[in-house]
Amino acid sequence: MVAYFCKVCNNLLLLEVDDRDCISLKCETCPFRGPLDYHVRVVSTRQKKDDPENSFLDINEQRKLIPTTTENCPKCNHPKAYYHQMQTRSADEPMTIFYRCCDPKCNYSWKE
């Protein structure tokens with residue numbers, strides 16, 4: 001399996017399928033979206049799951065791999081959020097924590 005990471009925040013990029021069945025890369029923690037620059041084979045759900053040829057994860061399976069915490073969203077008050085930490089200042093300063101609401105209708109991002 002190949003993993004691609006965001007050029008902005010270095011988080012794992014997810015595959016996103018729009019209403020025209022176009023596949024692109026999407027970051028869950030920042031606004032980055034990009035074209036899919038490699039060949040992806042669409043896998044039918046009727047195929048065997050244990051087949052090594054069918055090793056792509058759908059977007060819901062990818063979301064399960066992102067760490068979550070119990071942090072209330074300031075916009076919709078949803079009780080869970082995805083998070084990641086990044087050193088944005090000097091080494092003697094604490095890391096910045098970036099959050100994104102787990103509610104797919106909200107997707108609000110904030111930092112501490």
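With the structure loaded, tell me whether residue 100 is of a type in the set (D, E, K, R) and either touching a His at 6+ places or on another chain (Cβ under 6 Å) or under 14 Å from residue 28 (Cβ atoms) (or both) or whether it fails that test. Considered against the rule, which asks whether it is of a type in the set (D, E, K, R) and either touching a His at 6+ places or on another chain (Cβ under 6 Å) or under 14 Å from residue 28 (Cβ atoms) (or both), residue 100 comes out as yes.
Restricting the range 1-31 to residues that are at pLDDT 80 or above and touching a Pro at 6+ places or on another chain (Cβ under 9 Å), the residue that is farthest from residue 68 (Cα to Cα) is 24.
Applying the condition of being under 26 Å from residue 98 (Cα atoms) and surrounded by 10 or more Cβ atoms within 10 Å (Cβ to Cβ) to the range 32-58 and asking which residue is modelled with the lowest pLDDT yields 57. On the basis of being at pLDDT below 85, of a type outside the set (Val, Ile, Thr) and either surrounded by 12 or more Cβ atoms within 10 Å (Cβ to Cβ) or within 15 Å of residue 5 (Cα to Cα) (or both), does residue 78 make the cut? The answer is no for residue 78.
The values are calculated or read from the model by the stated rules, or taken from the named source; none is laboratory data. None of these values were measured; they are calculated from a predicted model. As a convention, Cβ positions derive from the backbone with ideal geometry for all residues, glycine included, and neighbour counts pool all protein chains shown.
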